[in-house]
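Chemist: Sharing a structure below in structure tokens format, with a few things to ask.
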Amino acid sequence: MDPKQSTGVVTMRKSILDFERQIEQLEKQIEELRQHAAQHNLDLGEEIARLQSEHERLMHEIFGRLTAWDKVQLARHPRRPQTLDYIRLIFDDFLELHGDRTFADDPAMVGGLALLDNKPVMVFGQQKGRDARERAKRNFGSARPEGYRKALRLMKLAEKFGRPVISFVDTPAADCSVGAEERGISEAIARNMREMAVLKVPIVIAVIGEGGSGGAVGIGLGDRVLMLENAIYSVIPPEGCAAILWRDPSKAEEAAEALKLTAEDSLRFDVVDEIIPEPLGGAHRDPELVALRLKEALVKHLAELSRLPTSEMLDLRYARFRKLGAFLEIPEDQAAVV
Amino acid sequence: MAIIGRQRGAESQQAEPHVPDGLWEKCPKCERALFKRDLEKNLKVCHHCGYHFRLSAQERIALLTEPGSFHEWDAGVTACDPLGFPGYLQKLERDRGRTGLNDAVVTGGARIGSTDVAIGVTDFRFLAGAMNSVVGERITRCIETATERRLPLVLISGTGGGASMYEGILSLMQMPKTAAALARHHEARLLYVSILTDASMAGVLASWASLGDIILAEPGASIGFTGDRVSKQAQVGKKPPDFQTAEFQLRNGMIDAIVHRKELKPTLLRILKWTQSSPPVW
């Protein structure tokens, strides 16, 4: 759960980012040829077409069939759109609100008032940060207890005014510093879930990048859970799983496979309700398109939820999480009864 | 200190050759040899240093409830292997044999004093007491039954790993599931006492174990969010010597009281008396 570890520093086999470099070189070449052709009035159509088909072939070869570990890297991609990007692209009139009114403001959790299709909503989520400085400031998206308590404060505010809540999940894990422990990170996460279970306004969750264990579910209980195609949702980072099970963090690739952390897995287990497709190569290749798809999904689900009486909505929300899990029921006389 | 340590070592070495195996147990804290029968009589608390040995679910229920009053609920809920996780089924089988339990949790109805309660215990011996679908389901059903029958709820956590890795995302989802069930129990204005024993960590602490109206802990219990093996890789800052213990959590305001094992049941009785009697009339 080390945030630094999950930024892709751990070197494994050739990563998706290495393949990406190949593709980017090709794109640069194509662009240069185009400019050259235009400047010198040359017909380089054949050459450009050849490079373009090579580009397309590479794209499909690399991104057409992604392994779980590939998706881990796409989910953590340094250029992947983050919460504030989606807030900017999807909502209008965002007014950021700060602080938990108890201890501090946590920059790893951002949120505030916004308009979605001109309708008032509350939106928040973890923000990882883009460059080194912002990443440090935002603790790599690992929210502290204050972050979870700020989110809860915003939810209560939304409830008071009958506004729906939209929560963007993108965190390697909740903060695990001594300070977080001193200020009750476990309690903050637990309380958020208990409150979200009975909050009297619609809640739509979107897992946009890393759904990192307790840090994710701390803002992850709602009426609908959406997940981007290349996002991951996991009980533990693959590196941590490999370290515990095999005492060898370099087996993260195997762990990623075993943990079943992809969006498809989550959909199959009913953990998420809908997968938002990403363009080939990942959300960072066309953030506007992904934002548009996400917006359409948010509007659709909020419209459905707004038609439900509150008590029915809460019963359905309860049932949605109640059914999660997989077990057998054997006759009690065959079980070890205490 | 070194001299004392050697003396203790010598003492236990002297004692051991004279008795058959299995009659003595070494205290992991003060390292003195303890006669097992005395240890059991002392509720598995070290006579010398007060170290609380871990209890099994069966021992915990016997400690806290009236003899013969416990009847198990949902004993047939059994783990499968939804992820096809390498080695999981073998580990389940091994720990079933080792503990006599079906999984890491036991739930049921019982009496404490004269009060009917719903009670759930996780057992550290079974896959470190980690929360898989079975633990989440049985804890949830236990909470729901308590809500339906308007019973006070007592949950005792003993878990090293939090949410179980072997069931991946499905284990993680037991956190919101149990928390949602507790929301309803809470809204019904029913009592929930959470008792944290060694160890109470990660996904269990960050869900039902932290949501008690009253939270008690045994002395010296490890209680915290991020496990050792994970946090060792991270730079977590300078740790106080009692980091992630019951004493640390008490100092930081996260638990109500540290209670010696001998005092646990009397403490529960006092809480039940305070909460379950009819409203005071003056």
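Chemist: Has the range A:248-257 got any residue that is outside any loop (DSSP other than H, G, I, E, B) and touching a strand residue (DSSP E or B) at 6+ places or on another chain (Cβ under 6 Å)?
Modeler: There is no residue in the range A:248-257 that is outside any loop (DSSP other than H, G, I, E, B) and touching a strand residue (DSSP E or B) at 6+ places or on another chain (Cβ under 6 Å).
Chemist: Using beta carbons and a limit of 7 Å, which pairs, at least six apart or on different chains, have the first residue in the range A:228-247 and facing chain B (nearest Cβ under 7 Å) and polar (S, T, N, Q) and the second one buried (at least 24 other Cβ atoms within 10 Å of the Cβ) and part of a helix (DSSP H, G or I)?
Modeler: What qualifies is A:S234/A:S213; A:S234/A:L259; A:S234/B:G168; A:S234/B:I169.
Chemist: How do the pairs read when you match residues in the range A:115-141 that are on the phi < 0 side of the Ramachandran plot and aromatic (F, W, Y) with residues anywhere that are part of a strand (DSSP E or B) and buried (at least 18 other Cβ atoms within 10 Å of the Cβ), using Cβ under 7 Å and keeping only pairs 6 or more apart or on different chains?
Modeler: Pairs that qualify, where the first residue is on the phi < 0 side of the Ramachandran plot and aromatic (F, W, Y) and the partner is part of a strand (DSSP E or B) and buried (at least 18 other Cβ atoms within 10 Å of the Cβ), are A:F124/A:M109; A:F124/A:V110; A:F124/A:G111; A:F124/A:S167.
Chemist: Same structure again: For the range B:25-52, give me each residue that is touching a residue at least 12 places away in the same chain (Cβ under 8 Å) and of a type in the set (D, E).
Modeler: Within the range B:25-52, B:E25, B:E31 qualify.
Chemist: Still on this model: Which condition number does A:K137 fail, the rest of (1) in contact with a Gly (Cβ under 8 Å, 6 or more places away or on another chain); (2) within 14 Å of chain B (Cβ to nearest Cβ); (3) more than 27 Å from A:D273 (Cβ to Cβ) being met?
Modeler: Only one criterion in (1) in contact with a Gly (Cβ under 8 Å, 6 or more places away or on another chain); (2) within 14 Å of chain B (Cβ to nearest Cβ); (3) more than 27 Å from A:D273 (Cβ to Cβ) is unmet by A:K137, namely (2).
Chemist: Further question: Counting just the residues of the range A:248-265 that are facing chain B (nearest Cβ under 8 Å) and not aliphatic (A, V, I, L, M), which one comes out farthest from the chain's Cα centre (by Cα)?
Modeler: That would be A:P249.
Chemist: Kindly indicate which of B:T245, B:T226, B:T159 is β-branched (V, I, T) and within 8 Å of another protein chain (Cβ to nearest Cβ). I'd like the intermediate steps shown before the answer.
Modeler: On the way: B:T245 fails: within 8 Å of another protein chain (Cβ to nearest Cβ); B:T159 fails: within 8 Å of another protein chain (Cβ to nearest Cβ).
Result: B:T226 is the single residue among B:T245, B:T226, B:T159 that is β-branched (V, I, T) and within 8 Å of another protein chain (Cβ to nearest Cβ).
Chemist: Considering only residues that are of a type in the set (V, I, T) and in contact with a strand residue (DSSP E or B) (Cβ under 8 Å, 6 or more places away or on another chain), look in the range B:89-125 and name the one that is surrounded by the fewest Cβ atoms within 10 Å (Cβ to Cβ).
Modeler: Applying the filter and picking the extreme gives B:I112.
Chemist: Which ones in the range A:179-227 are surrounded by fewer than 24 Cβ atoms within 10 Å (Cβ to Cβ), of a type in the set (V, I, T) and within 8 Å of chain B (Cβ to nearest Cβ)?
Modeler: A:V198, the sole residue that qualifies.
Chemist: Also, I was wondering about something else. For residues in the range A:318-338 being more than 8 Å from chain B (Cβ to nearest Cβ) and at pLDDT 95 or above, which is farthest from A:A197 (Cα to Cα)?
Modeler: Narrowing the range A:318-338 to residues more than 8 Å from chain B (Cβ to nearest Cβ): A:319-320, A:323, A:333.
Adding the requirement that they be at pLDDT 95 or above leaves A:319-320, A:323.
Details: A:A319: 10, A:R320: 10, A:K323: 14 Å.
So the residue we want is A:K323.
Chemist: Give me the pairs, please: first residue somewhere in the range B:59-75 and assigned by TED's automatic domain parsing to the domain that holds B:L153, second residue anywhere and hydroxyl-bearing (S, T, Y), beta-carbon distance under 6 Å, and either six or more positions apart or on two chains.
Modeler: Close Cβ pairs (under 6 Å, with a partner that is hydroxyl-bearing (S, T, Y)) amount to B:W73/B:T107.
Chemist: Inside the range A:98-173, counting only strands (runs of 3 or more DSSP E) that do not spill past its ends, which hold 2 or more residues that are of a type in the set (A, V, I, L, M, F, W, C) and farther than 26 Å from A:H77 by Cα?
Modeler: Correct list: A:109-116, A:119-126.
The values are calculated or read from the model by the stated rules, or taken from the named source; none is laboratory data. Nothing here was measured: the structure is a model prediction, and the numbers come from that model. Because the Cβ atoms are built from the backbone with ideal geometry, glycine has one as well, and the counts that use them run over all protein chains shown.
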